[in-house]
Amino acid sequence: MTDLDPAHLENFRGEVRAWLATLAKPRADEVRVWGEGDPDLQIFRVMSEEDERAHLDRVREYRKQRFDAGYGALTLPVEVGGRGLPSVYAVAFADEERAFDIPPSSEIISVTTGLIGAAVSVFGTPEQRELYARAFLRTDWLCCQLFSEPGAGSDLAGLSMRAVRDGDAWVLDGQKIWTSNAQVSEYGFLLARTDPDVVKQAGITAFLVRMDTPGIDIRPIRQMSGPSSFNEVFFDGVRVEDALRIGEVNDGWRVATATLGFERSSSGSGHRRKGGTVDDLVGLARSLGVSSDPVIRQRIADVYVRTQLHAAMVAKVARANAAGDKPGPAGSLGKLLASDNLVRIGNVASELLGSALVADTGEWGQFAWSEHVLGAPGYRLAGGTDEVQRNIIAERVLGLPQEQRADRAPFSQLSRS
Ligand SMILES: Cc1cc2nc3c(=O)[nH]c(=O)nc-3n(C[C@H](O)[C@H](O)[C@H](O)COP(=O)(O)OP(=O)(O)OC[C@H]3O[C@@H](n4cnc5c(N)ncnc54)[C@H](O)[C@@H]3O)c2cc1C
């Protein structure tokens, strides 16, 4: 019997269910009644740092038990400490997990385990795997992703942070930005330029760094939706031991692209829902007494159709996973549809609410829509912007000609405006 045999997968599901039942109660069916409970329409969770830490403690406690039970790295190869299972097993695990009352995961947990834990497992030395990857996969330590810079987001390979060798260490100088949850992370995973005299992708190296190393200054950025979950992080003469280098010197681009690949293929297990839904729009229209308005019905029906299209795309990717295929660039369609729907849902809510969206009238659920509307643009950027997803679809799904590239010269010769 192979891992792709349905009976094998069913056995696995049974094992997982039995294990989950030893530590959590089945989750009661979530019947959402408009007007009752917490409206929770936030796309990015608004929490004080104290509440965020308390929440993370609960999630980490669960993740440690999950790792110790052998479910911490299902899809990683056996030779680097994983179970070597096809990704359909991670999807099945997430399905089973959703049926139990375990603390909802959060972005930094997925980044630490799904991206960085996986990257250090694959590219780290056996010592780094034992010391760091294990601790990240188990969430003993949290690790933020220090990739983006003020001049390098979509064009990540254009990053400017310098790492200069000094004996057994490297000295880091530069700035990172949009670093989610840097305040609560023990470690950061960063990319720095170690050779400016080769084409930009060729001179990058990946490092881990302890976030309390002298010379690191974390400054929170206040988002328009309320929270300050992401940060600017400044590096001024920060010394990092060579033992914290992940992968070969100047091979960081390979590490980075693999890490971003893990991001695209992560199952999103245990995630809370993001923002308002079509059902919430229907509830809002009814509460405002406008659900018979023909124009409003058209607007809500349009978002419903698009939501169904997104669900069909997610199901298609899951089927490809189940058959052992990689979703590849088609995954960009799912991200694009998801972010577009969030914006459209927010637009319909804004039309329904008018000024009540910005002035808290005290009516249940109305002001909560402003949190959805303010959060939606961030979702269009995070994890690759809508325009970048469209480029991927144009070039790699539709086979249209590639964009003009004017950056083939060594990094030090590129004009950087
Ligand atoms: C909520 C949130 C959390 C984040 N968390 C992290 C984190 O933890 N760690 C981290 O490293 N980064 C993080 N980011 C940063 C994120 O990865 C970047 O915002 C993203 O890659 C875009 O980069 P940028 O903001 O520099 O925009 P730019 O790349 O400067 O783009 C600006 C605009 O130009 C468009 N554009 C750029 N290039 C092209 C092109 N070739 N063709 C067409 N249009 C183009 C973009 O679509 C965008 O509209 C986060 C961002 C958000 C919003």
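The values are calculated or read from the model by the stated rules, or taken from the named source; none is laboratory data. Quick caveat: nothing in here was measured; it's all calculated off a predicted structure. Cβ placement follows ideal geometry from the backbone for every residue including glycine, while neighbour counts extend to all protein chains displayed.
When you look at ASP217, is it under 22 Å from GLU248 (Cα atoms) and either at pLDDT 95 or above or within 15 Å of the ligand (Cβ to nearest atom) (or both), yes or no? Walk me through how you get there before you give the answer.
Values: under 22 Å from GLU248 (Cα atoms): no; either at pLDDT 95 or above or within 15 Å of the ligand (Cβ to nearest atom) (or both): yes.
No.
Of everything in segment 357-390 that's of a type in the set (A, V, I, L, M, F, W, C) and away from the ligand (no atom under 16 Å from the Cβ), which residue is farthest from GLU403 (Cα to Cα)? Steps first, answer last, please.
Pass one, segment 357-390, residues of a type in the set (A, V, I, L, M, F, W, C): 357-359, 364, 367-369, 373-374, 376, 381-382, 388.
Those still in the list that are away from the ligand (no atom under 16 Å from the Cβ) too: 357-359, 364, 367-369.
Details: LEU357: 40, VAL358: 41, ALA359: 44, TRP364: 48, PHE367: 42, ALA368: 40, TRP369: 38 Å.
Selected residue: TRP364.
Read through the list (1) at pLDDT 95 or above; (2) touching a Phe, Trp or Tyr at 6+ places or on another chain (Cβ under 7 Å), then give the number of the only condition that LYS176 fails.
If we test LYS176 against (1) at pLDDT 95 or above; (2) touching a Phe, Trp or Tyr at 6+ places or on another chain (Cβ under 7 Å), just (2) comes out false.
In segment 117-142, which residues are under 20 Å from GLN65 (Cβ atoms) and touching a Phe, Trp or Tyr at 6+ places or on another chain (Cβ under 7 Å)?
Residues satisfying the conditions are GLY117, ALA118, ALA135, LEU137, ARG138, TRP141.
If we keep just the residues of segment 228-242 that are within 15 Å of the ligand (Cβ to nearest atom) and surrounded by fewer than 20 Cβ atoms within 10 Å (Cβ to Cβ), which is farthest from VAL171 (Cα to Cα)?
If we take residues in segment 228-242 being within 15 Å of the ligand (Cβ to nearest atom) and surrounded by fewer than 20 Cβ atoms within 10 Å (Cβ to Cβ), then SER228 is farthest from VAL171 (Cα to Cα).
Kindly provide the set of residues from segment 281-340 that are more than 18 Å from the chain's Cα centre (by Cα), under 20 Å from HIS372 (Cα atoms) and of a type in the set (Lys, Arg), ordered by number.
Within segment 281-340, ARG286, ARG299, ARG306 meet the criteria.
When you look at ARG210, is it surrounded by fewer than 19 Cβ atoms within 10 Å (Cβ to Cβ) and closer than 26 Å to VAL122 by Cα, yes or no?
In short, yes.
Quick check, is PRO103 touching a helix residue (DSSP H, G or I) at 6+ places or on another chain (Cβ under 8 Å) and at pLDDT below 95?
Criteria met by PRO103.
Having 2 or more residues that are over 28 Å from ARG193 (Cα atoms) and in contact (Cβ under 8 Å) with a residue 12 or more places away in the chain is the bar; report the helices (runs of 4 or more DSSP H) wholly within segment 331-417 that clear it. Even if it seems obvious, please write down each step before you answer.
Working: elements: 331-353, 368-381, 386-392.
Those helices (runs of 4 or more DSSP H) span 331-353, 368-381.
Considering every residue within segment 32-39, establish whether at least one is in contact with a Ser or Thr (Cβ under 8 Å, 6 or more places away or on another chain), part of a loop (DSSP other than H, G, I, E, B) and of a type outside the set (A, V, I, L, M).
Looking for residues that are in contact with a Ser or Thr (Cβ under 8 Å, 6 or more places away or on another chain), part of a loop (DSSP other than H, G, I, E, B) and of a type outside the set (A, V, I, L, M), one finds at least one in segment 32-39, hence yes.
Of the residues GLY275, GLY261, GLY283, which is surrounded by fewer than 17 Cβ atoms within 10 Å (Cβ to Cβ) and at pLDDT below 95? Spell out how you get there, then give the answer.
Details: GLY275 fails: surrounded by fewer than 17 Cβ atoms within 10 Å (Cβ to Cβ); GLY283 fails: surrounded by fewer than 17 Cβ atoms within 10 Å (Cβ to Cβ).
Among GLY275, GLY261, GLY283, only GLY261 is surrounded by fewer than 17 Cβ atoms within 10 Å (Cβ to Cβ) and at pLDDT below 95.
Is it the case, given these coordinates, that GLN183 is in contact with a helix residue (DSSP H, G or I) (Cβ under 8 Å, 6 or more places away or on another chain), surrounded by 24 or more Cβ atoms within 10 Å (Cβ to Cβ) and either touching a residue at least 40 places away in the same chain (Cβ under 8 Å) or over 30 Å from GLU61 (Cα atoms) (or both)?
Numbers: in contact with a helix residue (DSSP H, G or I) (Cβ under 8 Å, 6 or more places away or on another chain): yes; surrounded by 24 or more Cβ atoms within 10 Å (Cβ to Cβ): no; either touching a residue at least 40 places away in the same chain (Cβ under 8 Å) or over 30 Å from GLU61 (Cα atoms) (or both): yes.
So GLN183 does not fit the description; no.
Going residue by residue through segment 186-204, is there one that turns out to be within 12 Å of the ligand (Cβ to nearest atom), outside any strand (DSSP E or B) and surrounded by fewer than 21 Cβ atoms within 10 Å (Cβ to Cβ)?
No, segment 186-204 has no match at all.
Has segment 397-408 got at least one residue that is within 16 Å of the ligand (Cβ to nearest atom), among the acidic types (Asp, Glu) and touching a Ser or Thr at 6+ places or on another chain (Cβ under 8 Å)?
no
Provide a single number: the residues in segment 296-330 that are surrounded by 17 or more Cβ atoms within 10 Å (Cβ to Cβ) and not in a helix (DSSP H, G or I).
The qualifying residues number 1.
Among the residues of segment 205-250, which ones are in a helix (DSSP H, G or I) and in contact with an Asp or Glu (Cβ under 6 Å, 6 or more places away or on another chain)?
Answer for segment 205-250, where residues must be in a helix (DSSP H, G or I) and in contact with an Asp or Glu (Cβ under 6 Å, 6 or more places away or on another chain): just ASP242.
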